[in-house]
Amino acid sequence: MTTSFVPPFRSERLVLREIVATDLDEHERLFNDPDVVRYLYDEFMSPEELRAHFTRRLWHGAPSEGSWSNLAVEHEGVFVGEVGLSLASATHRCYEVGYVFLPEYQGVGFATEAVGHLIEIAFVELDAHRVVARLDARNDHSRHLLERLGLRREAHLIKNEFVKGEWTDEFIYAVLEDEWTLARRSS
């Protein structure tokens, strides 16, 4: 398996780069926003918990099985959100993507562009066979983003996770390398 996962990565309008210590304030703002964390596992965190959460997201290299590599997303030098890539299974060459963006940068295509670029990196640089995304089934914005990128819903898991005091449904979306490549050639 290729391991050329070395940021920064540049898309048309964005830079995906290592998360660094100076991103702490923006990270705290991101994960303290109730609209941003509504469908995430994380509850509101104390300042100490936020710093620990941030420290775990600092750059540690390409994702190893079961771990995440997180990247800051910048537009014209401004922090707009974070994306992450996890190696779900080395044997099956399966990666998972995740993403979270500040509200003022939602709705302008940054998340779609960043996640699409990260999927492309997984297939081209990391030799992924499959890329998946998991989301709270109530998160319509995230669902639409994945569908715009050409991922298909493969599962609707009913009340499979207990999140923030309630049972929630989960959608699982996926795309295979050959599907991704074919879609990019025809667009």
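Filter region 10-44 down to residues that are closer than 17 Å to His60 by Cα and of a type in the set (Asp, Glu) and give me whichever is surrounded by the fewest Cβ atoms within 10 Å (Cβ to Cβ). Looking at residues that are closer than 17 Å to His60 by Cα and of a type in the set (Asp, Glu), I get Glu18. The listed residues are His92, His75, and the only one of them that is surrounded by 15 or more Cβ atoms within 10 Å (Cβ to Cβ), more than 15 Å from the chain's Cα centre (by Cα) and either acidic (Asp, Glu) or under 20 Å from Ile121 (Cβ atoms) (or both) turns out to be His75. Suppose the filter is at pLDDT 95 or above, under 15 Å from Phe9 (Cβ atoms) and out of contact with any strand residue (DSSP E or B) (no Cβ under 8 Å at 6 or more places or on another chain); does Glu179 pass it? So Glu179 does not fit the description; no.
Only one residue in Asp25, Asp42 is in a loop (DSSP other than H, G, I, E, B), among the charged types (D, E, K, R), free of Cβ contacts under 8 Å to residues at least 12 places away in the same chain and farther than 20 Å from Trp180 by Cβ, so which one is that? Of the residues listed, the single one that is in a loop (DSSP other than H, G, I, E, B), among the charged types (D, E, K, R), free of Cβ contacts under 8 Å to residues at least 12 places away in the same chain and farther than 20 Å from Trp180 by Cβ is Asp42. Scanning region 67-102 for residues that are modelled with pLDDT of 95 or more and outside any strand (DSSP E or B) yields Glu76, Gly77, Ala90, Thr91, His92, Arg93, Leu102. Counting only residues that are surrounded by fewer than 18 Cβ atoms within 10 Å (Cβ to Cβ) and aliphatic (A, V, I, L, M), how many does region 138-171 have? Within region 138-171, residues that are surrounded by fewer than 18 Cβ atoms within 10 Å (Cβ to Cβ) and aliphatic (A, V, I, L, M) number 4. The residues on offer are His144, His156, and the sole one that is assigned to a helix (DSSP H, G or I) and either among the small types (Gly, Ala, Ser) or farther than 21 Å from Gly66 by Cα (or both) is His144. Could you tell me how many of the residues in region 121-141 are without any contact (Cβ under 8 Å) to a residue 40 or more places away in the chain and either in a loop (DSSP other than H, G, I, E, B) or of a type in the set (Phe, Trp, Tyr) (or both)? Counting residues in region 121-141 that are without any contact (Cβ under 8 Å) to a residue 40 or more places away in the chain and either in a loop (DSSP other than H, G, I, E, B) or of a type in the set (Phe, Trp, Tyr) (or both) gives 1.
The values are calculated or read from the model by the stated rules, or taken from the named source; none is laboratory data. Bear in mind that the values here come from a model prediction, so they are computed numbers and not experimental data. Every residue, glycine among them, receives a Cβ derived from its backbone with ideal geometry; neighbour counts consider all protein chains shown.
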